[in-house]
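Chemist: First, the structure itself, so that you have it in front of you.
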Amino acid sequence: MTDFITTTRRGAIGLALGAAAAFCFGTAASAEVSFEGKTIEWIIPFSAGGGSDTWARFNAPLLSKYLPGSPTVVVVNELGGGSTKGTNLFAARAKPDGLTILGTSGSTQFPYLLGDPRVRYEYANWKIVMASPTGGVVYTSPSTGVTSPAEIGKLAGQKLIYASQGATSLDLVPLLGFKQSGLEVQHVFGFKGRGDGRLAFERGETNIDYQTSSAYIKNVQPLVDAGTAVPLFSWGVLDDDGNLVRDPTFPDLPHFGEAYQTMTGNAPSGPEYDAYFAFFTAGFPAQKMVFLPKDTSQEIVDAYQAAITAMKADPEYQANKEAVLGTYEQVVGKAADALFKKGTVISPELRKQVVDMLAADYGVKLGED
Amino acid sequence: MIDTLMTALATLLTLEHMAYMLLGVSVGLVIGVIPGLGGIAGLSLLVPFLYGMDPISALGMLIGLVAVIPTSDTFSSVMMGIPGSSASQATVLDGFPLAKQGQAARALSAAFISSLFGGIVGAFILTFFVLIARPLILMFGSAELFMLALFGLSMVAVLAGRSLPKGLAAAAVGLLIGSMGAAPATGEFRMIFGTEYLYDGIPLVIIGLGLFAIPEISDLLRKNAAIAERNALGSGWFQGLRDWWSNLFLSIRCSGFGCMIGAIPGLGGSVVDWIAYGHAVQTTKDNPHFGKGDIRGVIAPESANNAMQGGALLPTMLFGIPGSGSMAVFLGGMVLIGIEPGPSMMGPDLNITYSIIWSLALANIMGAGICMLLAQPISKLTSVPFQYLAPCMIALICFAAFQATRDLSDLVALLAIGLVGIMMKRFGWPRPALLIGFVLAPQAETFFYQALQFNGWGFLTRPGVLIIGALTLASIYFGLKNRVDDTGPTGDAAVTSHTSRNVQIAFALAMIGFFAMALWDALDHSFLGAVFPLGVGVIGVVFGGILLLHLWRGHADHPAFFDYEIVGDHVGNEGNSWFWTGPAWLAGLVAGTALVGFYIAMIGFFIAFLRLRARASWLRTLIMTVAAAGFILGLAYMLSLNFPSGLLQASYDLPWPIR
């Protein structure tokens, strides 16, 4: 590998014009981080228009505004292989110069946690810049006889149907959650997204479903008001010590742990709960994360985190964040570190337990190596 | 409601909003003209500029783009026989023969006025439908969606060509290719043959370009002539408008279908043009010559595909569920400007809804008008000797193809599917049948499995299922009665084609080999993962077997015989070059990409092609290469795209764009 000029997209075009200037700034950069005249590529391993893409396109211009030297931040969609392809590419190619960042999602974490053979990336190598939590609410149909969250016990023994995107998708979290709280749920696979699943619920084909918070507020709350849906519990959020607490967006709803207790009479614990908790953290509190490649200097990481802290006060950010992020704050520093650790580490035993269960109950094969 | 309507219209009709919409429309027109690039690429171009824009202007711009792509994509469909986007594949069937007969102007004007009309009908239906659409959309459960997928598949009956077993075998090939990758019920990976690329299945754009664009380019390359055999556009502008007027009811019906099919989430709009085309064939009684230049074969799909865009807005706005890839990007754009779709779009946000609908109507008018004006200059392209046009077309098509996953594998897949397309064209295998099978395979399988899970076999007695089932049977009946033969002149074609019987048998055997491979692969999977490919594979083997029997034992005039190399209209002309010319050049470009990456390979390809094949002067070669390299670079820059890399990039760290 030769270290050729580290030009970027915009740099390549403006090379003739700005060669001299770029050189001057280039030398200054070693002392103090500045991305002036540079282009930062934000790799999103998902297609344009999806949740992760929208999230990145919302953050990119703000990041550009607050990073030192106001670089251009472009979102590069490198899709394929359920997000493993673009992530592999980042792991193999990105240089520790702060000019390439990666945005991951639960769909990137899950194959890694499950040991998918397509995964050739190692989270532990990377430096976390920011974590973007999300949450969700599980609701049921009044046809089950349940009229309030407190009556969740009535669901025991009933035949519930859930529209799932697949056993290894983000819907693994409800799968594990329902299973251990003793709910008998038939998972019907092949849905294209949670929106599709909500449609099946509205059509009466399913009787239990969940939506992420903003979709819940926008699309399910009207159903609740009309009496055609009953909220059961929120997945909950993690406090600073990593404990599961009620989602501040839905303070009146119990979180999953409370619902579990109502259903089973015990506080959640044991290896099944630990497995659930690992995937829950990777899928919700640590759903979307931004990474810099390994060996990136602490100055660059700090510059990024300072920019993110600054951008959160921007009026543009404040005005539009609810539509994109829902009701959750993007975090940096220690909070992000904690989510990163919890959301990307699983013990080999727990992994084996989940993989074996998926194979036995749902015939899931993770592909051959 | 009238108040909201008028307020929405008034906000739209300000200079600023119109200017933004015009910008969207212009980008959409350009993207539509370029084969293979569709709404996803266009919206991706505009999304970075959304930031901080006023929502109504931003929406106007996005809608302007989405609305006109099915208008301008007609250019390359009619004039080159290459679908400009997946929305106008069916237009090729009759539009291109019309152009070859010197009636391009007639076909284009009929297409544009149909597009315009379809778009307006779409907006009109939306205006009234939006308030009552929610419960109607919710009536379509998995069972009904499965039946609709079957209804779409029934169009194979119309498009099966002269030999029914051949057509059904082609559809089975499509269904199997469509079932590659993760099984909907279990997530297990089928027919991936150890390649990571096939985990996600082959993208639609690759199938579309491989089946339709590559064979056409390869054909044109051999003839050493311009595309237009007579004058480029011909006369007939008013003829086209009159044609549309006398088929007004066809246009209305197809617009209605288009809007409805677009509005049903989960079906996807990719087959709407074929359904409209099939409908035109099924309902035409007087003197049909579909497949050989029937203007009704242009009016029907063009009316439907613009109306479909309007319909597709409904599930996007009311449920936040994108009906197609471009609607997904549109939805992302809406969220970026702070609009969250949902039931509020027919409540407090109704004015936004109406401004979207009005934008749709206005954009269609703008788009069709501009297309009419541009027809004359754009048509000049077809009188350019094809050797000069060919490298540009090949480069653009490769560029469009690797939009899919931005990988060298896209180009390899394009080449492979292109070879299949070339052989299918030569031996009269109906490519539309394969395409329909491909598009509907995942829907048919997924919805069937879901319907069984939700309703058990009882789903067959649901009223919606029975109604759509009856429609499907009627469609098959009328389809078989009026089967379209797009393979050229009839009569003694079969007799003379008989001479190359052995090659035709060899190709049929290769197709049966593919079925066998699918069956063999299916044996490895669980029941739920295997049952669909197993069933389709068996059907394929049966019809492939019947076809073999026809080819082996049939009389010399049996309709199964067809060889374009014997009966094609180019036969006997001077200067036809080698059959494999086109694929060979494409293979060269793909091999070059594997070595030095796409951008360098493309430049080398241009120089080599222009010097060796077109025998252009160095000056012309240089100018054309620089222009093309600049254009592709600009496009890639705006799309934030890294070109596929090769061996060179694996060993050296190079700057963009040759990275």
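Chemist: What is the Cα convex hull volume of the protein assembly as shown when expressed per residue in Å³?
Modeler: So the per-residue hull volume is 161 Å³.
Chemist: Can I ask one more? Quick check on the protein assembly as shown: helices-only [θ] at 222 nm, where DSSP H runs of length 4 and up contribute -39,500 (n - 2.57) each and the sum goes over total residues. Nearest 500, please.
Modeler: -18500 deg cm²/dmol
Chemist: When Cβ neighbours within 10 Å are restricted to other protein chains, what is their mean count per residue of peptide B:447-455?
Modeler: Partner-chain Cβ atoms within 10 Å, mean over residues of B:447-455: 4.
Chemist: If you line up the Cα atoms of region B:577-659 on their principal axes, what length do they span on each, largest first, in Å?
Modeler: 39, 25, 21 Å, listed from the longest principal axis down.
Chemist: Something else: Count the DSSP beta bridges whose two residues both fall in the protein assembly as shown, then state the antiparallel fraction as a percent rounded to the nearest 5.
Modeler: Beta bridges within the protein assembly as shown, antiparallel portion: roughly 60 percent.
Chemist: Let me ask something additional. Please identify the trypsin sites (Lys or Arg not before Pro) of region B:557-632 that satisfy two criteria: DSSP loop assignment and at most 15 other Cβ atoms within 10 Å. Which are they?
Modeler: B:R615
Chemist: In debye to the nearest 20, how big a dipole does region A:35-162 give about its Cα centre with +1 on each Lys and Arg Cβ and -1 on each Asp and Glu Cβ?
Modeler: 100
Chemist: Here is a further query. Can you compute the charge dipole magnitude of chain B about its Cα centre, using +1 on each Lys and Arg Cβ and -1 on each Asp and Glu Cβ, nothing else charged? Give it in debye, rounded to the nearest 20.
Modeler: 1160
Chemist: Sorting B:D3, A:D196 on the 10 Å Cβ count, fewest up front, what's the list?
Modeler: If I rank by nearby Cβ atoms, fewest first, I get B:D3, A:D196.
Chemist: Once you order the gyration tensor axes a ≥ b ≥ c over the Cα atoms, which shape class does region A:289-369 get: rounded for a/c under 1.5, otherwise prolate or oblate by comparing a/b with b/c?
Modeler: Prolate.
Chemist: Here is a further query. State whether region B:60-174 is rounded, prolate or oblate according to the following rule on the C-alpha gyration tensor (a ≥ b ≥ c being the square roots of its eigenvalues): a/c under 1.5 gives rounded; otherwise a/b larger than b/c gives prolate, and the remaining case gives oblate.
Modeler: Oblate, because a/c is 1.5 or more while a/b does not exceed b/c.
Chemist: For B:Y388 and B:I132 in one chain, what is 0.36 nm times their gap in residues minus the Cα-Cα distance, to one decimal in nm?
Modeler: Taking B:Y388 through B:I132 to full extension adds about 86.8 nm, to one decimal.
Chemist: Here is a further query. Using only Cα atoms, what Kirkwood radius does region A:136-283 have, in angstroms?
Modeler: Result for region A:136-283, one decimal place: 15.2 Å.
Chemist: Please report the net charge: other residues with Cβ closer than 12 Å to the Cβ of B:L528, K and R +1, D and E -1.
Modeler: Counting the neighbours of B:L528, the net charge comes to -1.
Chemist: Would you tell me the mean number of C-beta atoms belonging to other protein chains that fall within 10 Å of each C-beta in B:34-41, as a whole number?
Modeler: 1
Chemist: Within 10 Å of each candidate Cβ there may be at most 14 other Cβ atoms; applying that plus a DSSP loop requirement, which trypsin sites (Lys or Arg not before Pro) in region B:241-320 survive?
Modeler: B:K285
Chemist: Can you give the FRET efficiency for A:K334 and A:S269, using 1/(1 + (r/R0)^6), R0 = 30 Å, r = Cβ-Cβ distance, to the nearest 0.05?
Modeler: Here the calculated transfer efficiency is 0.70.
Chemist: Could you work out, residue by residue across B:528-534, how many beta carbons of other chains sit within 10 Å of that residue's beta carbon, and then give the average as an integer?
Modeler: Taking all residues of B:528-534 together, the mean is 1.
Chemist: If N is the number of residues in chain B, what value comes out of its Cα radius of gyration divided by 2.2 N^0.38 Å?
Modeler: Dividing the Cα Rg of chain B by 2.2 N^0.38 Å gives 0.93.
Chemist: Related question: If you count the DSSP beta bridges with both ends in region A:136-283, what percent of them are antiparallel, to the nearest 5?
Modeler: 70
Chemist: Also, quick follow-up: Provide the net charge surrounding B:I299, with neighbours chosen by a C-beta distance below 10 Å and charges set as Lys +1, Arg +1, Asp -1, Glu -1.
Modeler: -3
Chemist: Got a sec? Charge dipole of chain A, +1 on Cβ for Lys and Arg, -1 for Asp and Glu; which of A:Q287, A:V364, A:Q318 is way out at the positive end?
Modeler: A:V364
Chemist: Answer with one residue from A:G227, A:P348, A:A167: the one whose Cα lies farthest towards the positive end of the charge dipole of chain A, charges on Cβ with Lys, Arg +1 and Asp, Glu -1.
Modeler: The residue sitting most towards the positive pole is A:A167.
Chemist: Where does each of A:D274, A:D97, B:D243 land when they are ranked from fewest to most other beta-carbon atoms within 10 angstrom?
Modeler: A:D274, A:D97, B:D243
Chemist: Farthest toward the dipole's positive end in the protein assembly as shown, which of B:L50, A:Q186, B:F507, given Cβ charges of +1 (Lys, Arg) and -1 (Asp, Glu) about the Cα centre?
Modeler: Comparing the listed Cα positions along the dipole, B:F507 ranks first.
Chemist: Simple spin-label model, 7 Å along Cα-to-Cβ: B:F527 to B:T461 in nm?
Modeler: 2.3
Chemist: Now a separate question. Sort region B:541-603 into rounded, prolate or oblate with this rule: let a ≥ b ≥ c be the square roots of the eigenvalues of the Cα gyration tensor; rounded if a/c is under 1.5, and if a/c is not under 1.5, prolate when a/b is larger than b/c, oblate otherwise.
Modeler: Note, shape of region B:541-603 comes out oblate.
Chemist: Suppose every Lys and Arg Cβ carries +1 and every Asp and Glu Cβ carries -1, with no other charges. What dipole size does chain A come out with about its Cα centre, to the nearest 20 debye?
Modeler: In debye, rounded to 20, chain A gives about 680.
Chemist: Quick one: order A:D240, B:D410 by neighbouring beta-carbon count within 10 Å, fewest to most.
Modeler: Neighbour counts put them in this order, fewest first: A:D240, B:D410.
Read-outs: derived from the displayed coordinates by stated rules, not from any lab. Worth saying up front: this structure is predicted, and the values here are computed from it rather than measured. With ideal geometry, Cβ positions are generated from the backbone for all residues, glycine too; neighbour counts draw on all protein chains shown.
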